[in-house]
Amino acid sequence: MRPMNAAWVTDYDMAEDKCYKAPGCPTCREPIALYEDGKYRCLSCGKVVKPSEEMLKWFADREGRKTEIQDCPKIIGCGGKKCVEVVYRKNPITLKWEAAGGMCKRCGMKFIV
């Protein structure tokens, strides 16, 4: 069975409190993502969809993760120096890096945004 062509759907970003257009499933109207099998699938129904070249560029502009090492906060953690690994992702609207989560290698404190 041939994959369906992806459609532009409305998604919501909590950090910006704004809606934006993203590649999505033409049936569910939910966003799609690249899975480990190398195929773009609907995050809701799991069907394989085919994004357009414009959509592939949209994904490319927003891909990537980066990690930084920071100090652990004393209030909720151990206060250790350079022991928290913080993972950043690009905001889908602003394309600026923002924290997605992290973990202290010393005390085990974890957070997710």
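What the table shows:
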{"quantity": "Of residues in the stretch 9-23 being in contact (Cβ under 8 Å) with a residue 24 or more places away in the chain and in a strand (DSSP E or B), the one farthest from Met55 (Cα to Cα)", "calculated": "Lys18"}
{"quantity": "Qualifying position, being touching a residue at least 40 places away in the same chain (Cβ under 8 Å) and not small (Gly, Ala, Ser), among Glu98, Glu68", "calculated": "Glu98"}
{"quantity": "Selection count where residues are more than 17 Å from the chain's Cα centre (by Cα), part of a strand (DSSP E or B) and either surrounded by fewer than 13 Cβ atoms within 10 Å (Cβ to Cβ) or polar (S, T, N, Q) (or both), scope the stretch 32-67", "calculated": "0"}
{"quantity": "Residues located in the stretch 68-102, provided they are within 30 Å of Tyr35 (Cβ to Cβ), among the charged types (D, E, K, R) and exposed (fewer than 15 other Cβ atoms within 10 Å of the Cβ)", "calculated": "Glu68, Glu85, Lys96, Glu98"}
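Yes/no matrix, rows are residues, columns are (1) assigned by TED's automatic domain parsing to the domain that holds Val9; (2) within 25 Å of Pro31 (Cβ to Cβ); (3) assigned to a loop (DSSP other than H, G, I, E, B):
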position: Ile69; (1), (2), (3): no, no, no
position: Pro73; (1), (2), (3): no, no, yes
position: Ile76; (1), (2), (3): no, no, yes
position: Lys82; (1), (2), (3): no, no, yes
position: Val86; (1), (2), (3): no, yes, no
position: Arg89; (1), (2), (3): no, yes, no
position: Thr94; (1), (2), (3): no, yes, yes
position: Ala99; (1), (2), (3): no, yes, no
position: Met103; (1), (2), (3): no, no, no
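The values are calculated or read from the model by the stated rules, or taken from the named source; none is laboratory data. Since this is a predicted model, take the numbers as computed values, not measurements. Because the Cβ atoms are built from the backbone with ideal geometry, glycine has one as well, and the counts that use them run over all protein chains shown.
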